[in-house]
1. For region 104-114, state whether one or more residues are over 13 Å from the mean Cα position of the chain (by Cα) and touching a residue at least 40 places away in the same chain (Cβ under 8 Å).
2. Scan (1) closer than 13 Å to residue 81 by Cα; (2) touching a Pro at 6+ places or on another chain (Cβ under 7 Å); (3) at pLDDT 90 or above; (4) not basic (Lys, Arg) for the single condition residue 152 breaks and write down its number.
3. Looking at 79, 96 in this structure, which one is aliphatic (A, V, I, L, M) and within 30 Å of residue 30 (Cβ to Cβ)?
4. Would you say residue 158 is over 18 Å from residue 64 (Cβ atoms) and part of a loop (DSSP other than H, G, I, E, B)?
5. Answer yes or no: is there a residue in region 46-54 that is surrounded by fewer than 18 Cβ atoms within 10 Å (Cβ to Cβ), under 23 Å from the mean Cα position of the chain (by Cα), modelled with pLDDT of 80 or more and more than 25 Å from residue 132 (Cα to Cα).
6. Taking region 67-85 only, how many residues are buried (at least 17 other Cβ atoms within 10 Å of the Cβ) and within 22 Å of residue 98 (Cβ to Cβ)?
7. For region 101-108, does any single residue satisfy the condition of being modelled with pLDDT under 85 and either more than 20 Å from residue 123 (Cα to Cα) or not β-branched (Val, Ile, Thr) (or both)?
8. Filter region 86-100 down to the residues that are surrounded by 13 or more Cβ atoms within 10 Å (Cβ to Cβ) and of a type in the set (S, T, N, Q), then identify the one that is modelled with the lowest pLDDT.
Amino acid sequence: MTSRRRGLTVLELLIIIIVIVVAVVLLLRWRGASDSPTPAPAVTDSIGSLDQSAVASALATDLLFLSPVDTVATTGDTVTVRLLTTTGSGDPAPRVTVNLSIASGGGRLSTWSAVTGADGEMEVRWSLGAEPGPQMIRAMMDGNESSAITLEITTKARAGGSP
């Protein structure tokens, strides 16, 4: 009787991936509870290494602006914008890449892309444009177009008219 080695079926690969994802989720939750400053070890198996930020991004479902609360500012001001990523159950989603862009009104961002911390939060500094009126930035979880949100700040001219 001859035995023949067969490859993994799609179902077996799917089960392996699900087990790995569950293990990573449990590891991320455990790491978040311990507040250890050292990064979590990489998870590997016969399929290869998994990128933890990709796994975290896949688990993150919501992106929201925490600040600024006041949506009126003066042209040229710099405001600190705080964002939060969460999972479907409302828990913070750590290590999620968030991409930012100026949607209207000009200005500058301190970074165009950042990774959330263990608390699921990140900060970016936004130097507002020189023209009065609405100014907007757009934030989106990396690779997830449906997560895109926009923050609008209405700017007013500086006293004396100088930007």
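The values are calculated or read from the model by the stated rules, or taken from the named source; none is laboratory data. As the structure is a prediction and not an experimental result, all values here were calculated from the model. Cβ coordinates were reconstructed from backbone atoms using ideal geometry, including for glycine residues, and neighbour counts include every protein chain displayed.
1. yes
2. Condition (3) is where residue 152 drops out.
3. Numbers: 79 fails: within 30 Å of residue 30 (Cβ to Cβ).
Criteria check complete, one pass: 96.
4. Yes; evaluated as a whole, the condition is true for this residue.
5. Restricting attention to region 46-54, the residues satisfying the condition of being surrounded by fewer than 18 Cβ atoms within 10 Å (Cβ to Cβ) are 46-51, 53-54.
Narrowing further to those that are under 23 Å from the mean Cα position of the chain (by Cα): 49-51, 53-54.
Among the residues that remain, those that are also modelled with pLDDT of 80 or more are: none.
There is no residue in region 46-54 that is surrounded by fewer than 18 Cβ atoms within 10 Å (Cβ to Cβ), under 23 Å from the mean Cα position of the chain (by Cα), modelled with pLDDT of 80 or more and more than 25 Å from residue 132 (Cα to Cα).
6. Counting residues in region 67-85 that are buried (at least 17 other Cβ atoms within 10 Å of the Cβ) and within 22 Å of residue 98 (Cβ to Cβ) gives 6.
7. The answer is no; no qualifying residue exists.
8. Going residue by residue through region 86-100, those that are surrounded by 13 or more Cβ atoms within 10 Å (Cβ to Cβ) are 86-87, 91-100.
Subset that is of a type in the set (S, T, N, Q): 86-87, 97, 99.
Details: 86: 88, 87: 83, 97: 91, 99: 92.
Ranking the candidates gives 87 first.
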